[in-house]
Amino acid sequence: MKKVIGFISLIWLGVNADAFGQQAEGSMLVSSAIDVVRTDVPGVIRRYQLGVEGNYFYRHNLSVSGGYEFNYGQTNHVTLGGRYYPLEPLFIRARGLIGSSSDFALGAGYTHNISYRVRLEGMSDYYLVSNVVGFRIGIAVLIN
């Protein structure tokens with residue numbers, strides 16, 4: 001119960017914080033990331049899944065996204081979703097993967113600013129339908 005209260009408090013602080021993140025309303029974040037490890041494949045980088053994504057920030061801490069997932073040996077997907085930054089540099093994301101084998105992914109990540117516009121990202125996604133966890137790294141560029 002303490003963990004649930006702590007998590008809710010963390011989100012509440014992120015929503016009500018006066019300090020804004022580096023992205024402004026109306027900004028775009030273009031990113032590309034690759035899965036390094038997936039629980040459905042033994043070893044590291046045995047089957048790749050590469051994603052490209054664009055996020056439009058309609059609030060400084062909330063974005064909508066669209067993208068495309070390239071899957072070696074599997075079905076490619078169009079993605080629609082969003083990100084929420086409860087506390088910068090942490091984010092929570094949700095994405096629908098649309099294709100012949102549709103799925104829904106819930107994830108969380110961390111972003112490290114290399115410069116004002118360039119970010120290194122690490123994230124984990126849990127795919128609800130296929131019951132798989134993927135860990136990915138990527139790079140993102142902020143466009144104002």
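We did not get these values from a lab; they are worked out from the coordinates using the rules stated. Model, not experiment: these values are computed from the prediction. Positions of Cβ are generated from backbone atoms using ideal geometry, with glycine treated the same way; all protein chains shown enter the neighbour counts.
A few notes on this one:
- One chain, two ends: LEU120 and ILE98. Fully extended at 0.36 nm per residue, the span grows by 5.3 nm beyond their Cα-Cα distance.
- Amide H within-cut-off set for GLU25, under 5 Å, with H built and near neighbours excluded: HIS60
- Ordering PHE135, PHE57, PHE91 from the fewest to the most neighbouring beta carbons within 10 Å gives PHE135, PHE57, PHE91.
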